[in-house]
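S.K.: So that we are looking at the same thing, I have put the structure below in structure tokens.
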Amino acid sequence: MGMAEQHQNFYETDRALSEYLLFHYGEPKQVMAPTFVTPAALNFPARCVFECLDPARVPPRASALDLGCAVGRATFELARHCADVLGIDYSERFITIARHLRKNGSFLFGCIDEGDLTQPCQAVVPMEIDRNRVRFERGDAMNLPPDLGRFDVVLMANLIDRLSDPRRCLERLPKLLNPGGQLIITSPYTWMSEYTPKKNWLGGFEHGGKRHRSLDALKEALSPDFEFRQSKDLPFLLREHARKFQLVVAEASIWLRK
Ligand SMILES: C[S@@+](CC[C@H](N)C(=O)[O-])C[C@H]1O[C@@H](n2cnc3c(N)ncnc32)[C@H](O)[C@@H]1O
């Protein structure tokens, strides 16, 4: 069993597929009853791009990589700015559906209402996005192919705290970005030993009388090769079923390759 295989089963399940299709493509009224909607917490994958990417720094014919892309919404959003966008995820199921969305522009699924009861929903890629700019591949963020090339934009949304060895992924980043390239990392830093053995957590622990924070560890790991630009809060709402939601506040950190 490979490093990434041990705890990835959730991302191959019906439940994960339904939750992430709704999370990436759901209309506000499908995600939550209007009285409760928190508009600032909707459309997270699209906001990772339009709130964190600086379009003025994106060169012509730019390439982008969305690492841990799930069912691909942010990958499509990157195609508004970049001519060639690659989405990589470890889940075979997610990549199959992302490829279906690329080919057909939409996908019908059941979003969970209560228990086994579902409501029919349709995930739709915004019409104005050129889907031909996008490709999806299955891959392991901790063991990427050596010939993947370099990109002008790399997005890693809510991936690092789901990796068994996040530093392995961080170590590869300098070789993945062109000089001046933009790196966007978002994470709520929900460290769980089921995904990441405690010895590999970037932060969220006390050692030698010091409280270790994940953003500080990112700064330490990335600063030789990246200029830290800013961090910001990116709240998001993940609907589990009609009466259960997770409200999460990811921290986005934005970096430029030196
Ligand atoms: C919390 S989800 C975030 C998905 C998406 N980026 C988003 O923001 O909605 C974590 C994603 O990382 C993927 N993943 C987990 N381990 C991975 C690995 N080793 N390599 C690539 N993707 C991985 C999972 O399949 C899942 O799609």
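Residue-wise test of (1) modelled with pLDDT under 95; (2) in contact with a strand residue (DSSP E or B) (Cβ under 8 Å, 6 or more places away or on another chain); (3) more than 14 Å from the ligand (Cβ to nearest atom).
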site	(1), (2), (3)
GLN119	yes, yes, yes
VAL134	no, yes, yes
PHE151	no, yes, yes
MET156	no, yes, no
ASP161	no, yes, no
PRO166	no, no, no
LEU170	no, no, no
LEU173	no, yes, no
LEU177	no, yes, yes
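S.K.: Another question, then. Under 7 Å between Cβ atoms, which residue pairs at least 6 apart in sequence (or on different chains) link something in the range 66-91 that is under 11 Å from ARG102 (Cβ atoms) and modelled with pLDDT under 95 with a partner that is of a type outside the set (Asp, Glu) and within 14 Å of the ligand (Cβ to nearest atom)?
M.R.: Nothing qualifies.
S.K.: Name the residues in the range 80-104 that are of a type outside the set (D, E, K, R) and under 28 Å from PRO59 (Cβ atoms), would you? Working first, answer last.
M.R.: First, the residues of the range 80-104 that are of a type outside the set (D, E, K, R): 81-83, 85-88, 90-91, 94-98, 100-101, 104.
Answer for the range 80-104, where residues must be of a type outside the set (D, E, K, R) and under 28 Å from PRO59 (Cβ atoms): HIS81, CYS82, ALA83, VAL85, LEU86, GLY87, ILE88, ILE95, ALA98, LEU101.
S.K.: For the range 196-219, which positions are within 18 Å of MET142 (Cα to Cα) and exposed (fewer than 10 other Cβ atoms within 10 Å of the Cβ)?
M.R.: Once the filter is applied, which keeps residues that are within 18 Å of MET142 (Cα to Cα) and exposed (fewer than 10 other Cβ atoms within 10 Å of the Cβ), the range 196-219 yields only LYS199.
S.K.: Output the residue which, of all residues in the range 37-52 that are part of a helix (DSSP H, G or I) and modelled with pLDDT under 95, is nearest to the ligand (Cβ to nearest atom). Outline the logic, then answer.
M.R.: Going residue by residue through the range 37-52, those that are part of a helix (DSSP H, G or I) are 39-41, 44-50.
Going one step further and asking which of them are modelled with pLDDT under 95, we end up with 39-41.
Values: PRO39: 18, ALA40: 16, ALA41: 13 Å.
Per the stated criteria, the residue is ALA41.
S.K.: Here is a follow-up. Would you be able to tell me the number of residues in the range 212-235 that are in a strand (DSSP E or B) and within 19 Å of ARG167 (Cα to Cα)? Full working, then the answer.
M.R.: Step one: list which residues in the range 212-235 are in a strand (DSSP E or B), which gives 212, 226-235.
Then keep just the ones that are within 19 Å of ARG167 (Cα to Cα); that gives 212, 226-228.
Matching residues across the range 212-235 total 4.
S.K.: Out of curiosity, is ALA141 among the small types (Gly, Ala, Ser), within 16 Å of the chain's Cα centre (by Cα) and part of a loop (DSSP other than H, G, I, E, B)?
M.R.: Details: among the small types (Gly, Ala, Ser): yes; within 16 Å of the chain's Cα centre (by Cα): yes; part of a loop (DSSP other than H, G, I, E, B): yes.
Taking the combined requirement at face value, the residue satisfies it.
S.K.: From the list ASP161, ASP152, ASP147, ASP113, which residue is over 16 Å from ALA64 (Cβ atoms), charged (D, E, K, R) and in a strand (DSSP E or B)? Walk me through how you get there before you give the answer.
M.R.: Working: ASP161 fails: in a strand (DSSP E or B); ASP152 fails: over 16 Å from ALA64 (Cβ atoms); ASP147 fails: in a strand (DSSP E or B).
Of ASP161, ASP152, ASP147, ASP113, the one residue that is over 16 Å from ALA64 (Cβ atoms), charged (D, E, K, R) and in a strand (DSSP E or B) is ASP113.
S.K.: A follow-up question, please. Got a number for residues in the range 53-73 being within 14 Å of the ligand (Cβ to nearest atom) and either surrounded by fewer than 22 Cβ atoms within 10 Å (Cβ to Cβ) or assigned to a helix (DSSP H, G or I) (or both)? First the steps, then the outcome.
M.R.: First, pick out the residues of the range 53-73 that are within 14 Å of the ligand (Cβ to nearest atom): 64-73.
In the following step, the residues that additionally are either surrounded by fewer than 22 Cβ atoms within 10 Å (Cβ to Cβ) or assigned to a helix (DSSP H, G or I) (or both) were identified as 73.
Of the residues in that region, 1 qualify.
The values are calculated or read from the model by the stated rules, or taken from the named source; none is laboratory data. Only a predicted model underlies this, so the values are computations on that prediction, with no experimental measurement involved. Cβ atoms come from the backbone with ideal geometry, glycine included; neighbour counts cover every protein chain shown.
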